[in-house]
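**Q** Take a look at the following structure, please.
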Amino acid sequence: MNRIDFAHGRVDLSHGSGGRAMAKLIEQLFVAEFDNGYLGAQHDGAALPMPPADSRLILATDSHVVSPLFFPGGDIGSLAVHGTVNDVAMCGGAPLYLTAGFILEEGFPLADLRRIVQSMAAAAREANVAIVTGDTKVVQQGKGDGVFISTTGVGYAPAGVDISARRIRPGDKILLSGHLGDHGVAIMSLRENLGFETALRSDSAALHTLVADMLRAAPDVRCLRDPTRGGLAAVLNEFAQQAGCGMRIRESALPIRQEVAAACELLGLDPLYVANEGKLVAVCAPEDADALLAAMRAHPRGRDAAIIGEAVADSNRFAQMETAFGGRRMVDWINGEQLPRIC
């Protein structure tokens, strides 16, 4: 079988036709880079070992349409792995396997596709998950935007782990694993109509080992969530609606880099609504907060963790912030789309 010219070639419609060209692309790129026995079998699916009998199966799915495809700190390939691994982790699960579906646009450079797949493979190896099955489709030029990736993650939650916002009670503490807004601002810095210089890099990272350490330190964590689209504000409002109580945070407690604050001020944005890809929000009972915070700060992905607020009795289910000036303001759902194609 002739080798594909990845350096100079481009995706064409035959790469999604089900014929020889598609078989070559799958064999020489996806199977070669992802390299595991499940995918190497090249069936229509993957036959996988079952998780421990006393555990619960965790399943999460996500689609990735970030623009631009490559950004400081990552690209759509690593993002696709991190995003779905984190969705499994936020359910208290240990991720095991991923599936990957690629929508490719005719004319997309094969060199860029290989770079994305290699990044995805490296992120999967680092997270110790296997990409076990997938699919590839090609759309006509002008009908897509380079590459879209859809991933599904499979994992399991050990017996006794019960992660749900419905378990949150007034008095529970809200913790954040690190600085807000790094991913969103890194993406914004590359947009043609917003271009500005910054040294910021995306925080895109897999968080399942951080979650495992947290659950060892505080097994009764109430809830976990990653503040991606809609940022911290969306998470707080989700918690409030599902728990039936209010959420109150303190502006002075929020870890926000000066570069993020400055960029948001320049662009008229609020850091509470900016997307993150390597941070999590946790809620725990007040008596567990110190132990949980210590465990988070002991992990590389949580060294800047902070207790940022608490759940409060509020039949209106409002999310609010105590400002640095001593007042209080609403933290409502985002109105419209603050910045499209962020993850």
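The values are calculated or read from the model by the stated rules, or taken from the named source; none is laboratory data. Because the structure is predicted, anything quoted here is derived from the model rather than measured. Cβ placement follows ideal geometry from the backbone for every residue including glycine, while neighbour counts extend to all protein chains displayed. These area figures cover heavy atoms from the full protein model, side chains too; ligands, DNA and RNA do not enter into them. Shrake-Rupley method; radii C 1.70, N 1.55, O 1.52, S 1.80 Å.
**Q** Would you mind putting 198-211, 101-114, 36-49, 157-170 in packing order, based on average other-beta-carbon counts within 10 Å, highest first?
**A** 198-211, 101-114, 157-170, 36-49
**Q** Straight-line reach from residue 279: which lysines have Cα under 21 Å away, leaving out those fewer than 8 places along the same chain?
**A** 173
**Q** Report for the range 75-232 the percent antiparallel among DSSP-assigned beta bridges with both residues inside it, nearest 5. Before the final figure, lay out the partial values.
**A** Details: 10 of 19 bridges.
Of those bridges, close to 55 percent are antiparallel.
**Q** Something else now. Evaluate the distance, in nm, between pseudo-label points positioned 7 Å from the Cα of residue 43 and of residue 220 along their respective Cα→Cβ axes.
**A** According to this spin-label approximation, the distance is 4.3 nm.
**Q** If I stretch the segment between residue 135 and residue 330 completely, what's the gain in nm (0.36 nm per residue apart, minus their alpha carbon distance), one decimal?
**A** Stretched out fully, the residue 135 to residue 330 stretch lengthens by 65.8 nm.
**Q** Moving on. Be a star and scan the range 156-189 for residues whose amide nitrogen sits under 15 Å from the point 7 Å along the Cα-to-Cβ vector of residue 56.
**A** It comes to 156-168, nothing else.
**Q** Compute the helix-to-body angle for 258-267: its Cα long axis versus the longest principal axis of the chain, expressed 0 to 90° and rounded to tens.
**A** Taking the Cα atoms of the chain, the angle to 258-267 is about 80 degrees.
**Q** For residue 322, put the label point 7 Å out on the Cα→Cβ axis and report which residues of the range 279-311 keep their amide N under 14 Å from it.
**A** It comes to 307-311, nothing else.
**Q** Before rounding to the nearest 500, sum -39500 (n - 2.57) across all DSSP H runs of length at least 4 in the chain and divide by the residue total; then give [θ] at 222 nm in deg cm²/dmol. Mind dumping the intermediate values first?
**A** Working: 9 runs with 92 residues, N = 343.
Value at 222 nm, helices only: -8000 deg cm²/dmol.
**Q** Sort the following peptides by mean Cβ neighbour count (other Cβ atoms within 10 Å, averaged over residues), highest first: 291-302, 132-143. Numbers along the way, then the final one.
**A** Details: 291-302: 18.3, 132-143: 16.0.
Highest mean packing first, the order is 291-302, 132-143.
**Q** What is the sum of charges, Lys and Arg at +1 and Asp and Glu at -1, for the other residues whose Cβ falls under 9 Å from the Cβ of residue 106?
**A** Numbers: positive: 10, 143; negative: 12, 105.
Around residue 106, the charge tally is 0.
**Q** Assigning unit charges at the beta carbon (Lys, Arg +1; Asp, Glu -1) and nothing else, what dipole magnitude in debye, to the nearest 20, does the chain show about its Cα centre?
**A** Values: 31 positive and 40 negative charges, 44 e Å.
Magnitude of the dipole: close to 200 debye.
**Q** Still on this structure, please answer the following. Please name whichever of 264, 228, 158 sits farthest to the positive end of the charge dipole of the range 157-270, dipole taken about the Cα centre and charges placed at Cβ: Lys and Arg +1, Asp and Glu -1.
**A** Farthest along the dipole direction, towards plus: 158.
**Q** Taking the chain as the reference, fit the longest principal axis to its C-alpha atoms, fit the long axis of helix 231-243 to the helix C-alpha atoms, and give the angle between the two in degrees, 0 to 90, nearest 10.
**A** The two axes meet at around 70 degrees.
**Q** Compute the angle between helix 76-90 and the longest alpha-carbon principal axis of the chain, please, reported from 0 to 90 degrees and rounded to the nearest 10.
**A** Tilt relative to the chain: about 50 degrees.
**Q** Using alpha carbon centroids, what distance separates the range 132-193 and the range 257-300, in Å?
**A** Value for the Cα centre distance between the two parts: 15 Å.
**Q** Could you tell me what percent of the DSSP beta bridges with both partners in the chain are antiparallel, to the nearest 5?
**A** Roughly 75 percent of the DSSP beta bridges within the chain come out antiparallel.
**Q** Also: Using +1 on the beta carbon of Lys and Arg, -1 on that of Asp and Glu, and nothing else charged, what's the dipole of the range 12-90 about the Cα centre, debye to 20? Provide the component values of the computation, followed by the final result.
**A** Values: 3 positive and 9 negative charges, 21 e Å.
Value, rounded to 20: 100 debye.
**Q** Considering only 249, 286, 13, whose Cα is most displaced toward the positive end of the charge dipole of the chain, charges sitting on Cβ of Lys, Arg (+1) and Asp, Glu (-1)?
**A** The one lying farthest along the dipole's positive direction is 286.
**Q** Using the Cβ atoms and a cut-off under 15 Å, what net charge is assigned to the surroundings of residue 209, where Lys and Arg are +1 and Asp and Glu are -1?
**A** My count for the surroundings of residue 209 gives +3.
**Q** What accessible area per residue comes out for the range 156-221, rounded to a whole number of Å², with a 1.4 Å probe?
**A** Averaged over the residues of the range 156-221, the accessible area is 41 Å².
**Q** Moving on. Keeping the other protein chains in place, figure out the carbon and sulfur percent of the accessible area of the chain, with a 1.4 Å probe.
**A** 48 percent
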